[in-house]
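Here is the structure we will look at, set down as structure tokens.
Read-outs: derived from the displayed coordinates by stated rules, not from any lab. Everything numeric here is computed off the predicted structure, so don't read it as measured data. Ideal geometry is used to build each Cβ from the backbone, glycine not excepted, and the neighbour counts take in all protein chains shown.
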Amino acid sequence: MPVLLLAMNIVSPSLQGSLGAAVIPLLVEEYLGDETDPAEVRDRFLDLCGDFVFVMPALKTAKYHRDSGYPVYFYEFHRRPSLFKDIKPDHVKADHGDELFFVIGGPFLPDDTLFSGQTEEGERVLSKNIMKYWANFARTGDPNGPGLAEWPRYDQDEDYLQIDVHPKQKAAQRLKDTKYEFWNKILPEKIQKMAQEAAEHGGEDGRPLVGTRYGKLRGKTVKVKDTDREVHAFYGVPFAEPPVGPLRFAASGPPKAWNGVREATKQPPMCLQSTDIVKSMLETFRAKISPPATSEDCLYLNIFTPADRRQDAKLPVMVFIHGGAFVIGGSFMFEGVALSAHENVIVVSIQYRLGIPGFFSSGDSQAPGNYGFLDQVEALRWVKENIADFGGDRDSVTIFGESAGGMSVSALVLSPLAKGLFHRAIAESGAALVPGMFTKSAEQTIFVRNIIANISGCDGVSMVDCLKALSEEEILSISVAMHFITPPVTVDGVFLPKPAEQILAEKENNPVAFMTGVVEQECGWVLPSGSLGVAIPLLVEEYIGGEADPVKVRNRFLDLCGDIIFVMPALKTAKYHRDSGYPVYFYEFRRRPSLFKDTKPDFVKADHGDEIYFVIGGPFLSDDILFSSQSEEDEKVLSKNVMKYWANFARTGDPNGPGLANWPRYDQDEDYLQIDIQPKQKAAQRLKDAKYEFWTKILPEKIQKISEEQAEHSEL
């Protein structure tokens, strides 16, 4: 669902988990209401899908063109071709693409050309009329002509033509007017009402001094709740040369050394992104900080290390990679002071290039892509070279991240460039097998490249040089035009030598212990490209069936969304790692933070990203850092347990330890841990086993069968 919202430019990718979970019920309420009749629920669901992707964007585009002062004509096509009477279910009306049969003059084509089957007399008349409308418009810019029903201009009255066989063809006004108001006024206002204003980040200042191979750093000392320990924090430490000017769309290299002492007490600028989107996300999370400024000079990391460490302590190192759909976020999103203090580990939070600067590919050696991932590799190299100066063990590095950060962790495990730079990996609600993360062909890369070329005006052999010459504002404007959808990851032969699933299937992933998992209600949304029309009724049948209770319909719909984009990819990834012979631990996080009691509907369970509050030690952070509000006592216990599980895994590759519920390895029995407050925390087996079989076996077989049947019909 959030991916479709993104296509409508209603909700940013950064809000897929948090605000997205609150928005989905608004859509269900608007389109499904209290309807219990399965056929009516099905039809309204199809209307919802059509409005998301086609109707509302078309209406919005028409209004913009009208307001530019040029003639606009709008139509709604109503005729279902009799050609499909034996192919499509009876409930399907005029469907996506049906008008083309009449525009092309299908009833008049030879029997061995394109379409087959007898057409009705009314359809032949309709096809002649449509061809005349289209041709008249091509001649004069006005579709009207003798013998045709009047087609009014789309003006302030929003007149349009309902195209159908006679006598059903007629003019009408304000197509889906109430739904348009819902999408463009009511829903945005409700989203805005959900958000809270963010406050400024603050913190106590100390004067710790550390020397690295590149120069000296002066950080600050931070106190942590519920412990007497203090943490030395170093912010904005450069790990690579700034990727600006000619280094835009180039692999990052080591930073330049500096003389004297560098102040490391303030958050670094975020990589190029929309600060408005970040602010909206922080409001939803009730964060009491303001986001840093943005800049392409953004390759910095933050370090948190216990103040009472010995210089030769060789503490475990945990490197966090932030999420944000590869288009937003920064190291400020993970304040590692509580985790460092409570578990005696060093926490590093890194940044990497996002959006176009991070993932644009020209499809050739000029700009092969994946720069954001190359930045992550460079950050890990810096950690290996310098972390001993902070009391860390360069030979005990664990990478962990959530959402896009989890996808990054999963991808780093597959990359030969990252081999030896880390020793354990934790992917939270993110996997390299998430549908749509990687391009499937060179043609897809070229397709995205051409979109960027058209938007930017940079084209031809000098396209990359042209893009390098654009200002930050101009680069960001391209992202705005693309609705902040990041270019997909490419199989570049450098960071990734092969497609992700091929590397996993051939057991060529890096040899590390792997921990991964999901939350109880992820609420993502994606469908296989090209399978939308075929898959929707199969998905509705599997998840909703004949259920009539609106609450159960809503909850099953949310399960469907979460399974598609997070749960099934995570399970599939875990099985591949297990079969490679390395330790795997899987979890399902089930605690909804009380932090969100006033910002999310009561029916929302543990949501996308909710575990981070407990991993980060949210209940023990200062009131002016990241999260606000009081946490419940059992949540404090849960956070301590979660931090201990994560830190134990970072130390030994096994999350278990004294005082913790046993977490079994994910083996052939598919054991996993349900993480929750006591006494609800327990081991279980085969998470969503039936749904996994549906997604990986039953659904592909059904889609294949339908596709073959359709192919046979088209050949008749």
One quarter of the convex hull surface, Cα atoms only: what value does that give for segment 319-387 in nm²? 5.4
Nearest 5 percent is fine: what portion of the DSSP beta bridges confined to segment 209-691 is antiparallel? 40
Could you state the per residue volume, in Å³, of the convex hull enclosing the Cα atoms of segment 209-691? 143
Just want the ordering: Ser340, Ser477, Ser365, from fewest to most Cβ atoms lying within 10 Å of their own Cβ. Ser365, Ser477, Ser340
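Kindly flag which residue pairs out of Lys384/Lys440; Lys225/Lys597; Lys168/Lys705; Lys216/Lys636; Lys572/Lys644; Lys279/Lys575 have an alpha-carbon separation exceeding 28 Å in this structure.
Lys384/Lys440; Lys168/Lys705; Lys216/Lys636; Lys279/Lys575
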List the aspartates and glutamates whose alpha-carbon lies under 14 Å from that of Lys507, not counting same-chain residues fewer than 8 positions away? Asp579
Over segment 152-191, what is the relative contact order in percent, taking alpha-carbon pairs closer than 8 angstrom and at least six residues apart? 28
Taking the Cα centre of segment 209-691 as the origin and placing charges on Cβ (Lys, Arg +1; Asp, Glu -1), which of Gly406, Phe332, Gly420 is farthest toward the positive end of the dipole? Gly420
